[in-house]
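Have a look at the structure below before the remarks.
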Amino acid sequence: MKKSPDIEKLENALRSSTIVAGGFLGTDSRDLNDIISSDLSELDGLGITITKLVSRMKEITNTAIPALGNWVKIDEKYEAMVEEAKGILTCPWPHSGGFDKRVTFLKNTKTNNIFKWTDLNIHLIEQHNFFEGKGSPYRIEPKELVESIF
Ligand SMILES: [Zn+2]
């Protein structure tokens with residue numbers, strides 16, 4: 001299928017972005033649509049919707065925000081902490097609005113495994129179903145995410 005100029009422009013922006021070192025696509029050579037549909041079908045196979053995933057991520061981040069820099073208890077299994085840096089991240093899709101440079105760390109208190117995401121990850125997943133390309137520093141594996149937050 002021939003790509004529209006808009007999609008090509010977006011893919012170029014995602015590949016060359018200097019906002020995140022390595023860009024949003026990392027070393028992934030697949031088309032944007034392939035990356036998105038492959039992650040969505042993986043999620044589907046796990047029986048989790050984007051809505052459910054995102055609402056859990058937001059719940060955790062919002063619980064940890066008031067305690068900025070300190071670990072807070074989420075439930076019997078998890079503790080979370082947020083860190084903020086100065087500045088704003090912008091979504092590579094063409095729309096307005098920026099995102100605080102906030103990182104949420106979620107620790108499984110049984111395994112001490114720590115999983116992290118940014119506010120921009122939440123937005124990219126929620127609005128664009130985009131978990132970023134393989135090799136991107138902020139790529140989130142849908143399966144790991146599901147196993148790490150529920
Ligand atoms: Zn966006």
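The values are calculated or read from the model by the stated rules, or taken from the named source; none is laboratory data. This is a predicted model, so every value here is computed, not measured. Using ideal geometry, Cβ is built from the backbone for each residue, glycine included, and neighbour counts are taken over all protein chains shown.
Summary of computed values
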| read-out | value |
| --- | --- |
| Any hit, the range 126-146, residues being within 13 Å of the ligand (Cβ to nearest atom), among the polar types (S, T, N, Q) and modelled with pLDDT of 95 or more | yes |
| Residue in the range 36-57 that is touching a strand residue (DSSP E or B) at 6+ places or on another chain (Cβ under 8 Å) and either assigned to a loop (DSSP other than H, G, I, E, B) or free of Cβ contacts under 8 Å to residues at least 60 places away in the same chain (or both) present | no |
| Residue tally, condition of a type outside the set (A, V, I, L, M) and within 16 Å of the ligand (Cβ to nearest atom), over the range 55-73 | 1 |
| Any chance residue 47 is among the small types (Gly, Ala, Ser) and surrounded by fewer than 13 Cβ atoms within 10 Å (Cβ to Cβ) | yes |
| Tally of residues being buried (at least 19 other Cβ atoms within 10 Å of the Cβ) and either of a type in the set (Val, Ile, Thr) or not in a strand (DSSP E or B) (or both) across the range 96-121 | 5 |
| Those residues of the range 74-92 which are part of a strand (DSSP E or B), more than 11 Å from the ligand (Cβ to nearest atom) and of a type outside the set (A, V, I, L, M, F, W, C), in sequence order | 78, 79, 83, 84, 86, 87 |
| The range 93-117, residues that are away from the ligand (no atom under 13 Å from the Cβ) and not charged (D, E, K, R) | 103, 104, 105, 106, 108, 109, 111, 112, 113, 114, 115, 117 |
| Selected residue (criterion: nearest to residue 144 (Cα to Cα)) from residues of the range 92-134 that are touching a residue at least 12 places away in the same chain (Cβ under 8 Å) and among the aliphatic types (A, V, I, L, M) | 106 |
| Selection status of residue 64, more than 14 Å from the chain's Cα centre (by Cα), hydrophobic (A, V, I, L, M, F, W, C) and in a helix (DSSP H, G or I) | yes |
| Qualifying residue in the range 15-32 (condition: within 17 Å of residue 127 (Cα to Cα) and part of a helix (DSSP H, G or I)) | yes |
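Results for (1) surrounded by 18 or more Cβ atoms within 10 Å (Cβ to Cβ); (2) in contact with a Gly (Cβ under 9 Å, 6 or more places away or on another chain); (3) at positive phi, shown as yes or no for each residue.
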site: 12; (1), (2), (3): no, no, no
site: 23; (1), (2), (3): yes, yes, yes
site: 32; (1), (2), (3): yes, yes, no
site: 35; (1), (2), (3): yes, yes, no
site: 43; (1), (2), (3): yes, no, no
site: 59; (1), (2), (3): no, no, no
site: 94; (1), (2), (3): no, no, no
